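*Asks:* The structure is given below, and queries will be raised subsequently.
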Amino acid sequence: MGISDVIFGFAHDLMLRANYGGIFLLMAMESATLPIPSEIVLPLAGYLVYTGEFEFWTAVLVATLGSMVGTMVDYGIGYRFGRSAILKYGRFVRLSEKHLVSSETWFARHGDSAALLARFVPLLRTVIAFPAGIAKMRVGKFLAFSSVGILIWDIALIYFGYAAGQNANLIVSSLESAFVFVEVSVVIAIVLTLIFVSKRHKKS
């Protein structure tokens, strides 16, 4: 039994026991950099939408709220305690200096929009809040960019699980297909962001 199977079983049991609270908790944990991948949690939630356990848009809303709570925890840590504290204690949640440097590089390259774009990139998605907090990005802007990226991600993967509905094992074994979909979403998100920034620049 692999780690994906263990996480799948844990997430499935928690969702059945705690209902929407399970989705909220799992997504808050993932966004707070704990090793609970949304690539497993969200398709599973989608499958439970298919079986009638959950309602689609309620699951999306709860997952998004959970992710926002978790990401604000990381943002707050970066804002309040800074880089040195993250490097010192990050190992307890398997956050290495390499992960932090990658997120800082991404943030430096893309600016505030990194809070949106990174939500579509595995690993970066859950750590981008740290450099945003360290850089003292305005909390309102961080919430706005993050919520858009998180919402798109949640809708995509919950729908993927719903569409895969007839075979629960397909949710785990077909994650590569989800990643392809997400990569396409990244391209679309980048293009839309560039268009948005270009229009704002012309107006100013």
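The values are calculated or read from the model by the stated rules, or taken from the named source; none is laboratory data. Fair warning: this is a prediction, and the values are worked out from it, not measured in the lab. Glycine gets a Cβ as well: all are built from the backbone with ideal geometry, and neighbour counts include every protein chain shown.
*Asks:* Evaluate the following for S102: is it over 22 Å from A144 (Cβ atoms) and either aromatic (F, W, Y) or surrounded by 14 or more Cβ atoms within 10 Å (Cβ to Cβ) (or both)? First the steps, then the outcome.
*Replies:* On the way: over 22 Å from A144 (Cβ atoms): yes; either aromatic (F, W, Y) or surrounded by 14 or more Cβ atoms within 10 Å (Cβ to Cβ) (or both): yes.
Against the criterion (over 22 Å from A144 (Cβ atoms) and either aromatic (F, W, Y) or surrounded by 14 or more Cβ atoms within 10 Å (Cβ to Cβ) (or both)), S102 qualifies.
*Asks:* So, of the residues in the range 4-22 that are surrounded by 14 or more Cβ atoms within 10 Å (Cβ to Cβ) and among the small types (G, A, S), which turns out to be farthest from G70 (Cα to Cα)? It would help to see each step written out before you state the result.
*Replies:* Step one: of the range 4-22, the residues surrounded by 14 or more Cβ atoms within 10 Å (Cβ to Cβ) are 4, 7-8, 10-12, 14-15, 19-20, 22.
Imposing the further condition that a residue be among the small types (G, A, S) reduces the set to 4, 11, 22.
Values: S4: 21, A11: 17, G22: 14 Å.
Among those residues, the one meeting the criterion is S4.
*Asks:* Within the range 88-110, can one find any residue that is within 25 Å of F160 (Cβ to Cβ) and of a type outside the set (S, T, Y)?
*Replies:* For the range 88-110, residues within 25 Å of F160 (Cβ to Cβ) and of a type outside the set (S, T, Y): present.
*Asks:* Among (1) in a helix (DSSP H, G or I); (2) closer than 21 Å to I36 by Cα; (3) at pLDDT below 80; (4) of a type outside the set (A, V, I, L, M, F, W, C), which single condition is K202 missing?
*Replies:* (2)
*Asks:* Also, I was wondering about something else. Here are some conditions: (1) at pLDDT 80 or above; (2) under 23 Å from T58 (Cβ atoms); (3) of a type in the set (A, V, I, L, M, F, W, C). A168 meets all but one. Which one does it not meet?
*Replies:* (1)
*Asks:* Hey, another quick one. Does S147 qualify as being among the small types (G, A, S), in contact with a Phe, Trp or Tyr (Cβ under 8 Å, 6 or more places away or on another chain) and either under 25 Å from L42 (Cα atoms) or without any contact (Cβ under 8 Å) to a residue 24 or more places away in the chain (or both)? Working first, answer last.
*Replies:* Numbers: among the small types (G, A, S): yes; in contact with a Phe, Trp or Tyr (Cβ under 8 Å, 6 or more places away or on another chain): no; either under 25 Å from L42 (Cα atoms) or without any contact (Cβ under 8 Å) to a residue 24 or more places away in the chain (or both): yes.
No.
*Asks:* Return only the number of the condition from (1) touching a residue at least 40 places away in the same chain (Cβ under 8 Å); (2) touching a Ser or Thr at 6+ places or on another chain (Cβ under 8 Å); (3) farther than 23 Å from I7 by Cα; (4) not basic (K, R) that Y79 does not satisfy.
*Replies:* (2)
*Asks:* Say we look at the range 30-48 and pick out the residues that are among the aliphatic types (A, V, I, L, M) and buried (at least 21 other Cβ atoms within 10 Å of the Cβ); which of these is farthest from I128 (Cα to Cα)? Even if it seems obvious, please write down each step before you answer.
*Replies:* If we filter the range 30-48 for residues that are among the aliphatic types (A, V, I, L, M), which is where we start, we get 32, 34, 36, 40-42, 44-45, 48.
Subsequent filtering for residues that are buried (at least 21 other Cβ atoms within 10 Å of the Cβ) retains 36, 40-42, 44-45, 48.
Values: I36: 16, I40: 20, V41: 20, L42: 20, L44: 24, A45: 24, L48: 29 Å.
Filtering the range 30-48 for residues that are among the aliphatic types (A, V, I, L, M) and buried (at least 21 other Cβ atoms within 10 Å of the Cβ), the one farthest from I128 (Cα to Cα) comes out as L48.
*Asks:* Could you tell me which of the residues S147, S103 is small (G, A, S) and within 15 Å of G70 (Cα to Cα)?
*Replies:* Details: S103 fails: within 15 Å of G70 (Cα to Cα).
Just one listed residue meets the conditions, S147.
*Asks:* Only helices (runs of 4 or more DSSP H) wholly contained in the range 20-136 count here; list those with 3 or more residues that are within 25 Å of A156 (Cα to Cα) and of a type in the set (S, T, Y). Can you show your working first?
*Replies:* Working: elements: 20-31, 38-50, 56-89, 97-110, 114-117, 124-127, 129-134.
Because the criterion is at least 3 residues that are within 25 Å of A156 (Cα to Cα) and of a type in the set (S, T, Y), the helices (runs of 4 or more DSSP H) in the range 20-136 that meet it are 38-50, 56-89.
*Asks:* Please indicate, with yes or no, whether at least one residue in the range 127-148 is closer than 18 Å to S31 by Cβ, of a type outside the set (F, W, Y), surrounded by fewer than 18 Cβ atoms within 10 Å (Cβ to Cβ) and within 10 Å of the chain's Cα centre (by Cα).
*Replies:* No; the residues of the range 127-148 include none that is closer than 18 Å to S31 by Cβ, of a type outside the set (F, W, Y), surrounded by fewer than 18 Cβ atoms within 10 Å (Cβ to Cβ) and within 10 Å of the chain's Cα centre (by Cα).
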